[in-house]
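What follows draws every value from the coordinates through simple rules; no lab data is involved. Just so it is clear, the structure is predicted and the values come from calculations on it, not from any experiment. Don't worry about glycine lacking a Cβ; one is built from the backbone with ideal geometry, like all the others, and counts go over all protein chains shown.
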Amino acid sequence: MMDGPIECEIKLRLASRDDLLRMLQHLPCPRRWGLQLNLYLDTPTRDLAARELALRLRITPDHARLTLKSGRGVTGCTFRCTEIEEAVDREAAIGWVRGRAPLPTSPHFAADGLDLHDPRLRPVNWSLTHRALCDIDDITIEVDETLFSDGQRDWEIEVEHPDPDAALAVVQRVAQAAGVLLHAQTRTKQARALACSPRLEPWIPVGDPALGIPGDIPLS
């Protein structure tokens with residue numbers, strides 16, 4: 001469907017926030033915290049999904065970027081896809097979300113059936129993720145708590161690495177020390193978000209990302 005680098009990532013589900021906190025207690029202090037609104041874009045008739053394309057606009061307190069994925073395959077807890085990602089103007093991205101500006105585009109995005117100028121493109125759903133990035137050797141372990149548009153939350157570990165078996169072994173070692181049981185994640189955040197019935201308004205991240213997800217996101 002498109003040319004681009006291959007993303008190889010393991011995804012592991014945690015049963016509770018307590019498990020997430022136990023993992024963090026046994027990992028190095030986070031190198032960085034992230035707070036990101038992930039808006040999943042498509043047309044009302046799901047034209048991109050029909051072409052096996054996944055388009056995401058991500059907004060954080062200090063940047064925004066568009067991501068296009070295709071050709072996703074899943075083996076166990078390892079997810080692979082072709083991915084193109086480009087930074088875009090954050091204020092323009094916020095303006096588009098609020099209906100005041102066109103979607104910021106990138107000339108590097110090229111795939112069958114994709115037209116970033118299509119006026120029908122809109123967020124079909126969203127997720128809001130609080131992320132801790134912890135480094136062990138050459139592996140960055142991402143520890144995520146995610147709020148979905150229906151108010152549900154879940155917790156997971158993600159590691160993007162060219163050797164998923166090596167990355168998995170490191171995560172399993174930490175989990176064993178923490179007394180945490182890991183489960184293979186079978187769906188992407190986008191798939192989980194699209195299964196939700198929106199009840200909350202998407203919240204634009206601002207301020208210190210280490211503070212996490214606010215508790216007063218308004219109802220839609």
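On C-alpha positions alone, give me the angle between the axis of helix 164-178 and the longest principal axis of the chain, in degrees, nearest 10.
The angle comes out near 50 degrees.
Using only the Cα atoms of segment 1-62, what are the Rg and Dmax in Å?
Cα radius of gyration and Dmax of segment 1-62 are 16.7, 45 Å respectively.
How would Cys8, Cys134 line up from fewest to most surrounding beta-carbon atoms within 10 angstrom? Before the final figure, lay out each step's value.
Working: Cys8 17, Cys134 20.
Going from least to most buried by this count: Cys8, Cys134.
222 nm [θ] for the chain, helices only, -39500 (n - 2.57) per DSSP H run of 4+, per residue, to 500?
-5000 deg cm²/dmol
Could you please state, rounded to a whole Å, how far the C-alpha centre of segment 46-92 is from the C-alpha centre of segment 105-157?
So the separation of the two Cα centres works out to 7 Å.
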